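Take a look at the structure set out below.
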Amino acid sequence: MRVIQKLRSLRRKKEYSQEYMAFMLNISQNAYSRLENGKTPLTIHRLFEICDLLKVKPAEFLGPDVWG
């Protein structure tokens, strides 16, 4: 599973909307949508913010199912 697919999957599992994620990350919903759709690169800083918000460790987020 690719990183952006895992991001979407984890967000949906928590039942968080894109609007909620964007609000918590202090970005627009459009900016969050671009990030989740792979149109904006996911920085390490943003990855850590998202992991904190979703309550997952970065290692879990980037686990074996992401790398193969």
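Points worth noting:
- Heavy-atom accessible area for S28, with the other protein chains in place and a 1.4 Å probe, reaches approximately 60 Å².
- Sites excluded, trypsin sites (Lys or Arg not before Pro) in DSSP loops with at most 15 other C-beta within 10 Å, longest stretch of the chain: 15-38
- Per residue value of the accessible surface for the chain (all protein chains in place, 1.4 Å probe), Å²: 68
- Computed helical MRE - 222 nm, the chain, DSSP H runs ≥ 4 contributing -39500 (n - 2.57), nearest 500: -18000 deg cm²/dmol
- Cα long-axis angle, helix 44-54 against the chain (0 to 90 degrees, to the nearest 10): 80
- Qualifying chymotrypsin sites (Phe, Trp or Tyr not before Pro) for the chain [loop in DSSP, other Cβ within 10 Å: at most 16]: Y16
- Computed about the Cα centre, the dipole magnitude for the chain is approximately 160 debye when only Lys and Arg (+1) and Asp and Glu (-1) carry charge, each at its Cβ.
- Net lengthening on full extension, E19/A31 (0.36 nm per residue, minus Cα-Cα): 3.3 nm
The values are calculated or read from the model by the stated rules, or taken from the named source; none is laboratory data. Note that the coordinates shown come from a computational prediction; the quantities given were computed from them, not determined experimentally. Heads up, the Cβs are rebuilt from the backbone with ideal geometry, glycines too, and the neighbour counts pull from every protein chain shown. Remember, those area values only see protein heavy atoms, side chains included, never the ligands or the DNA or RNA. Shrake-Rupley method; radii C 1.70, N 1.55, O 1.52, S 1.80 Å.
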